[in-house]
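Inspection log for the structure reproduced underneath, given as C-alpha cells.
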Amino acid sequence: MITSTAQMYEDLADEFDQAVPFYSTFGRVMVDTIDPPRGSALLDLAAGRGAVARPAQERGCSVTAVDAAPSMVAHLRQDLPQGSIHVMDVHDLAFEDATFDIVTAGFAVNLFEYPARVVQEAYRVLKAGGLLAFTLPGGKNESGDLSFCNRLYAEFSRYLPVFERPIVHVLETESVLEGAGFTDVACQEITAEVEIPDSEAAWEFLTKNGTGELILSLPHPQQDKFRKRVDEAFERLNRVAVLRRTVHLWSGRR
C-alpha cells in the first residue's frame, strides 16, 4: 500500500524538479563533495528523478536506486537504464546485510515517516567502513532572490490546517546517526545556485516539491494571495532570479 507521502510524490512525478532543477543541482554538488570512488556500490534512497543517482552513475558508481512512488521509478528506469531501479519502502530495504559501499539520500530523511528506522536500515545494508551521506535543509538562512518566500511562509503559516502527521520531521540528526551505530559523524555546509526564469517557474518550484503541500494546503483565497505576491516580486525584480541555498550534508561511517 502506497503511503500518503509516496502518493504525494507519485502525483508530482511528471513535473518534479523539471521547471527549476533545484534537487539535481544539489545532487551533483553532494556527489562531488563525497567524491565516491569509481566502482562503488551506491544505494540512493528516495531517488526521485535521479538527482543523486545520475551524477553518481556518471562518476562510475554501480547505482541502485529505490523510491516508494512507482511513477518516479518509471521515469528513473527510462533515464538511467544501466541502473538497478526499484519500487521499495526505505523503512524495510529488500537487500542483504553489508551490500553497499555508500548509501545516499537527497533532501528525504526528514520526510520519511520513521527517519531513525531508515537510518538503521542504511547501517544494516552498508559494508564495514561504508558511508552514509544525506542532505537536509539548514545552514545559512538565505535564498537569494527568493528570500521573500521565507517571509511569505511566516505570514501565511497561520492559515495552514493541522496535519495528523508532520510533513517535515525535526531531527536530532547526530543522535539518530550515533544511535544507529554510525561513527565519524559529521555535518558540513554545501551551497548551490539555481536560476529561476520567471514567476511561473517559481510557482512550479514552490508547489511541486516535497514541501509544496504546505502552500497547496492553504485555503484558496490565501493560496491566490500567495501566488499574487510571488508574481509581484518577479515583476519588481524584472530579471532572471537566482535561488541560493546553503544546506547541511550529514555523513557517518559504519
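The values are calculated or read from the model by the stated rules, or taken from the named source; none is laboratory data. For clarity, every value in this text was computed on a predicted model and none was experimentally measured. Because the Cβ atoms are built from the backbone with ideal geometry, glycine has one as well, and the counts that use them run over all protein chains shown. Surface accessibility is based on the protein's heavy atoms, side chains included, excluding ligands, DNA and RNA. Shrake-Rupley method; radii C 1.70, N 1.55, O 1.52, S 1.80 Å.
The table for this structure:
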| quantity | calculated |
| --- | --- |
| Bridge type composition, the chain - antiparallel percent by DSSP, nearest 5 | 50 |
| 71, 143, ranked by accessible area, largest first (probe 1.4 Å) | 71, 143 |
| Top of 111, 80, 152 by mean-square fluctuation, Gaussian network on the chain, Cα under 10 Å | 152 |
| Pairs of Lys in the chain closer than 28 Å at Cα, counting only those 8 or more apart or on different chains | 5 |
| The chain, relative contact order [Cα under 8 Å, separation at least 6], % | 23 |
| Loop sites in the stretch 134-227: trypsin sites (Lys or Arg not before Pro), DSSP, at most 14 other Cβ within 10 Å | 140 |
| For the stretch 1-112, the Rg and Dmax computed from alpha carbons only, in angstrom | 13.0, 38 |
| Mean Cα-pair separation over length for the stretch 84-234, i.e. relative contact order, pairs under 8 Å, 6 or more apart, % | 23 |
| At q = 0.15, 0.20, 0.21 Å⁻¹, base-10 log of I(q)/I(0) for the stretch 114-195 (Debye sum, equal scatterers on each alpha carbon) | -0.79, -1.04, -1.08 |
| Translational D in µm²/s for the stretch 32-97 (Stokes-Einstein at 25 °C, 0.890 mPa s, Kirkwood Rh from C-alpha pairs) | 207 |
| Computed E for residue 11/residue 189 - FRET, C-beta separation, R0 30 angstrom, nearest 0.05 | 0.40 |
| Alpha-carbon centroid distance for the pair the stretch 12-88 / the stretch 108-165, whole angstrom | 18 |
